[in-house]
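Since the structure comes first, as structure tokens, the remarks are kept for the end.
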Amino acid sequence: MHRFLLLLVCSVSIAASSLLFAQEKSSPLDPAVQQQYQAGHQALSAGKDKEAVDAFRRANKLARNPCFECFVGLAVAYTRLGDLKNALDSCDRASAAAADNANKATAHAFSGKALLTIGTPDAKRLGQAEQEFRTAIELTGNDPVLHLDLAIALLRQSKDDQAKEEMQKCIALNPAPALAEQAKMLLANPRRAREEVAPDFEVTTLQGEELVLKQMAGKIVVLDFWATWCPSCRESVGELKELTRKYRSDKVVVISISANEDEAAWRDFIAKKKMEWAQYRDADSKVRKSFGIHAFPTYLVIDGDGIIKQRIVGMDPRESVVYRLKSTLAAMPQLEGAQGK
């Protein structure tokens, strides 16, 4: 998934608790359907998207009539699973089952989000997403979330002037502070909608240091996702030490984020190998999930504007980690003259 779309991914989750579940008030569900629907809701909230799909499917089978709420729930779950075909199909079914324009707008909005957030959309899909958001706005009237979503679709197509109008409409509607901040951020720097933006995170390292990505603006951040049980990860320790020595710490921040469940094993390994740079154990998988990490080791290079410039997955016996990062780091103006402690 293109990580610049974090705000769209977040809005999918937000909608799962606002737009989606608010429909219960206007269309009460049969108790048996409601039970399965709530199970799907709870699974979504817990990040168990496959379980959510199963629950919403069961709810649909129990429903006497097409269940709008269940189809939207499926659209959310399939979007988060990266299944575009089923996500769009669920949106179409939700639209067909919608009782009013507000519900139809919800279905079109989620269709637009799926088109933008799953994989890397081509020009055709970007145009389709734009039309879905425009249709949703026509059906429901002014909504700050929809105006921002439409702005992102326009920015991805380099329609910056039209996007600016939509972002201004979003801000004029006095949205929630977080949404207003996102709109202002894109107004100030439209390239953030066309590149892979790192989600913000906050961790407290083994050394007791609190690190927040937004507070490291201007610095290059290298994230090392690893685990002690990963042979390739263990082999990379020496190279990571070299990297921490190569650049000044006020210019490049290296953070190793471990997937270890065994805290003692993690602490012992770090002490034995004298890994003196920032270390964090991602016990709840929150950071890994936000960055979409599924393999170890994975290395990310984030520039001073919060853009992910390089993603390296796995080890290459022909090239060292430092070598593979070298060209990316060398091209960053922030690092001019930054070698050495």
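Since every read-out is calculated from the coordinates, none of them should be taken as a lab result. Keep in mind the model is a prediction, meaning the values are calculated, not measured. Neighbour counts run over all protein chains shown; Cβ positions are idealised from the backbone, glycine included.
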Centre separation in Å (Cα based) which lies between the range 44-108 and the range 179-213: 30
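Using the structure shown, select from 85/214; 214/274; 61/104; 48/272; 48/326 the pairs with a Cα to Cα distance greater than 30 angstrom.
Result: 85/214; 48/272; 48/326 exceed 30 Å.
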Folded to 0 to 90 degrees: helix 263-273 orientation relative to the chain principal axis, Cα: 30
Relative exposure of 84, 155, judged by other C-beta atoms within 10 Å (fewest first): 84, 155
Cα long-axis angle, helix 6-17 against the chain (0 to 90 degrees, to the nearest 10): 40
Normalised contact order of the chain, rounded percent, pairs of Cα under 8 Å and 6 or more residues apart: 13
Eligible lysines near residue 164 by straight Cα distance, threshold 16 Å, same-chain separation 8 or greater: 184
Fluctuation leader among 82, 238, 47 - the chain, Gaussian network, Cα springs under 10 angstrom: 238
Hydrodynamic radius (Kirkwood) for the range 97-193, which is based on Cα pairs only, to one decimal in Å: 13.3
The range 54-152 shape via C-alpha gyration tensor axes, a/c threshold 1.5: oblate
Sequence-distant lysines (8 or more away, or on other chains) whose Cα lies within less than 20 Å of residue 273: 241, 246
Charge dipole of the chain about the Cα centre (unit charges at C-beta), most positive-ward option of 307, 112, 271: 271
Least to most buried among 247, 323, 37 (fewest other Cβ within 10 Å first): 323, 247, 37
Fewest-first sequence of 71, 269 by Cβ atoms within 10 Å of each Cβ: 269, 71
Crossing angle, helix 68-81 versus the chain [Cα axis fit, 0-90 degrees, rounded to tens]: 20
Distance in nm between pseudo-label sites at residue 263 and residue 284 (7 Å out along the Cβ direction from Cα): 1.4
In the range 98-177, trypsin sites (Lys or Arg not before Pro) in a DSSP loop with at most 12 other beta-carbon atoms within 10 Å: none
Candidates 114, 151, 46, ranked by Gaussian network fluctuation over the chain, Cα under 10 Å, top entry: 46
Most mobile of 196, 235, 130 in a GNM of the chain (Cα contacts under 10 Å): 235
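Once Rh is set to the Kirkwood radius over Cα pairs, what Stokes-Einstein translational diffusion coefficient, in µm²/s, holds for the chain at a temperature of 20 °C and a viscosity of 1.002 mPa s?
D = 99 µm²/s.
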Antiparallel DSSP beta bridges within the chain, percent to nearest 5: 60
